[in-house]
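Worksheet: one structure, shown below.
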Amino acid sequence: MIDILLRSAPDWALAHAAPLLVMVPLVLAPVLALVPSGRIAWFISIAGTFASLIFSLILLAIVQAPETSGVVSYAIGNWLPPLGIEFRVDALNAMILVLVSAMGVLASVMSYPTVVAEIPKEKTSLFYSAFLACFAGLCGVAITGDAFNLFVFLEISSLSTYVLVALGASRDRRALPAAFNYLVMGTIGATFFIIGVGFLYAATGTLNMADIASKLPDLTGSRTVQAGFAFIIVGLGLKAAMWPLHQWLPNAYSYSPSFVTMFLSATATKVALYAMIRFLFTVFSPRFAFEQAAFNAMLMPLGIAAMIACSFQAVFQTDVRRMLAYSSVAQVGYMILGVSIGTVAGLSAGLFHLLNHAMIKGALFMAVAAVVLTYKGTNIRDFAGLGRSAPWTMTAFAIAGLSLIGVPLTAGFQSKLQLGYALFEQGWWWAVILVVFSSFLAVIYVGRILEAVFFQPPVNPRKTRKEAPIVLLVPLWILALANIYFGITTEIPLGLARDAALAAFGPGMFR
Amino acid sequence: MNDDHHVILRVVSKMLIPVIVMFAFYTQFHGDFGPGGGFQAGIIFAVGVILYALVFGVPSAMRAVPPVFTRALAAIGVLLYSGVGYWALLQGGNFLEYQALFQEPPGKHKGQHIGILLIELGVLFAVAGAMLTIFYAFAGRVAEIRDKDW
């Protein structure tokens, strides 16, 4: 497949895939602000995200092809790095880019029916404009090799995310405080990040991440560098919803338009986590004593606490979207736990879970969007009896739910298995027990929904057979089948995650 | 008997607004040679219109500079900026490479000059449009529940 893509792509696409990946959606966003019709906006946003998907696949192919160096470096404006802004793609962010753009395509395909139902008509094309800006920002965060540029793209994506969340207000007014809360927390996170980058700039005199990485080993004793490290981890932790910095997430996920919830849960926290991994492993290094201390004393306990505490919180929720939102924080805990092991095996388990969780939560929130569209409720009681009236939607929901628990033959099982291997390798058997315990909590909260869906009579017996529209069902089933497929053969995602983990440790490890 | 208390304000601001807008463009084009540039110029330009809205009322400002226009202005600014990037791509250079705009050899500066001028113009449009859109969004907001309906 790599060969076909590399041979069929034209030269300009091979040479300029990196900037086009970000700039095509970013230039379509203002165009959409000028387009009056929502339907045209929908088509354009599908086209924009699809173009990004093609470019990200090309980048992945170039990076993975055996004859290349494994790194694509693009100098914006031909100002050579480290002075100019560099777009730098290696196996780690190529994987993230493919994930984000594939999720962007699926999300924008399914979006139209839910957007028509939930967004005022005159705001539809502006809504899509904000969506494309958010998408371009997320791709930009993943692709850039410049620490300050990363901040700029982080803000592009965050600012448009606040708008997207706030647009849930026409369905539920509580979206407005949720968006404001998110704005305050997100801005604090971005500020902390930029303060940290400022410290690093003060210590090293450069903003290019690879250049910072080459200068840091001599400066590990410097308080400036250590303070910068702390600021960056806390700032990106806020964006990635690392426990206990996740307070913005449950509200933002439960009150935003259902399409936005689906897209954000599959991409936004993942990209923030990617940025954190990039700083932890490529810019800084686990060899530094202070980073090892941070792994053991901060990231590992916080990851475990997220896993346990937020799974408990999820058990007691009555709103399905809130329950899934708490479960998202718990799943971020698994990834952080994998990262905090600090080995290649641990990091690849974390990244593998990142991929799988994007598919799981994407499918779950997509099914919830279908229910919101046809039945207007997100309470567990509203889900009662839906297994009979919307069997296709709910079967896909059940598959993703089982994958979230980690039932064998699903993707969720494979990633927990890898996490378990990495933990055993390190001798942290007690952490394995906690992972299993947290999975049992997942059985309880997913089981509560599935029990209502399949075994309870409908609250309103007149609810007849009412399936979601086909544009929603197709992406939903693509994700559900992907969950099963990658649960049986893990070759592709696990290979990607391994290469990504190796690339995170620096270009020398990958090739 | 004229009961308008703001005669002086109106007269003075009528005199000042053209000067403010002219200063905005001075800042814009001075950006080539010294301090200044699109961002500051956009803010100053927007301040001219905002002053007009403060003194003469938001409705008349919205008649002079309609909200649809400010929103389009912001979008066009971004398009102009990225358009220069795509132009450089079409000419065979890297994204936003000014030197490639006219396919000049090193040492010639026409592309650099035109490139930064257009980019700064894009910034001017985007900043002025966004500032005015934000101002209209706040100033033109009507309370959803009137006070006497509580």
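Here are a few things to note about the model shown:
- Flag not set for residue A:148, criterion: under 25 Å from residue A:472 (Cα atoms), part of a helix (DSSP H, G or I) and touching a Leu at 6+ places or on another chain (Cβ under 9 Å).
- Elements of type helices (runs of 4 or more DSSP H) contained in segment A:368-464, each with 3 or more residues being at pLDDT 85 or above: A:391-405, A:411-426, A:429-455
- Lone unmet requirement of (1) surrounded by fewer than 23 Cβ atoms within 10 Å (Cβ to Cβ); (2) farther than 19 Å from residue A:328 by Cβ for residue A:247: (2)
- Within segment A:30-40, the set of residues being more than 13 Å from chain B (Cβ to nearest Cβ) and either buried (at least 22 other Cβ atoms within 10 Å of the Cβ) or of a type outside the set (A, V, I, L, M, F, W, C) (or both) comprises A:37, A:38, A:39.
- When A:43, A:50 are checked against the criterion of being part of a helix (DSSP H, G or I), free of Cβ contacts under 8 Å to residues at least 24 places away in the same chain, among the aromatic types (Phe, Trp, Tyr) and away from chain B (no Cβ under 13 Å), A:43 stands alone in meeting it.
- Test: residue B:129 is within 14 Å of chain A (Cβ to nearest Cβ), closer than 21 Å to residue B:16 by Cα and either in contact with a helix residue (DSSP H, G or I) (Cβ under 7 Å, 6 or more places away or on another chain) or surrounded by fewer than 21 Cβ atoms within 10 Å (Cβ to Cβ) (or both): yes
- Selection within segment B:85-118 - closer than 19 Å to residue A:23 by Cβ, more than 10 Å from chain A (Cβ to nearest Cβ) and either under 22 Å from the mean Cα position of the chain (by Cα) or in contact (Cβ under 8 Å) with a residue 60 or more places away in the chain (or both): B:116, B:118
- Residues that are away from chain B (no Cβ under 13 Å) and in a helix (DSSP H, G or I) within segment A:3-19 comprise A:3, A:4, A:5, A:6, A:7, A:8, A:14, listed in sequence order.
- Evaluation of residue A:308 against (1) within 20 Å of the chain's Cα centre (by Cα); (2) assigned to a helix (DSSP H, G or I); (3) among the aliphatic types (A, V, I, L, M) (one fails), failing number: (1)
- Only residues that are in a helix (DSSP H, G or I) and in contact with a Pro (Cβ under 8 Å, 6 or more places away or on another chain) were counted in segment A:241-286, giving 2.
- Check on residue A:87, part of a strand (DSSP E or B) and under 26 Å from residue A:355 (Cα atoms): yes
- The residues of segment B:62-84 that are of a type in the set (S, T, N, Q) and more than 8 Å from chain A (Cβ to nearest Cβ) amount to a single one, B:70.
- Some residue of segment B:57-70 being in a loop (DSSP other than H, G, I, E, B), within 15 Å of the chain's Cα centre (by Cα) and in contact (Cβ under 8 Å) with a residue 60 or more places away in the chain: yes
- Residue identified as surrounded by 15 or more Cβ atoms within 10 Å (Cβ to Cβ) and farther than 17 Å from residue B:138 by Cβ among B:34, B:42: B:42
- The criterion of being under 30 Å from residue A:477 (Cα atoms), touching a helix residue (DSSP H, G or I) at 6+ places or on another chain (Cβ under 9 Å), in contact (Cβ under 8 Å) with a residue 40 or more places away in the chain and assigned to a helix (DSSP H, G or I) holds for residue A:348.
- Set A:100, A:27, A:89, A:71: member being under 23 Å from residue A:154 (Cβ atoms), surrounded by fewer than 23 Cβ atoms within 10 Å (Cβ to Cβ) and away from chain B (no Cβ under 14 Å): A:71
- Filtered residues of segment A:477-494 (kept if over 19 Å from the mean Cα position of the chain (by Cα) and either buried (at least 20 other Cβ atoms within 10 Å of the Cβ) or in a helix (DSSP H, G or I) (or both)): A:477, A:481, A:484, A:485, A:487, A:488, A:491
The values are calculated or read from the model by the stated rules, or taken from the named source; none is laboratory data. Every value quoted in this text rests on a predicted model; they were computed, and no experiment measured them. Here the Cβ is made from the backbone with ideal geometry for all residues, glycine too, and neighbour counts use every protein chain on show.
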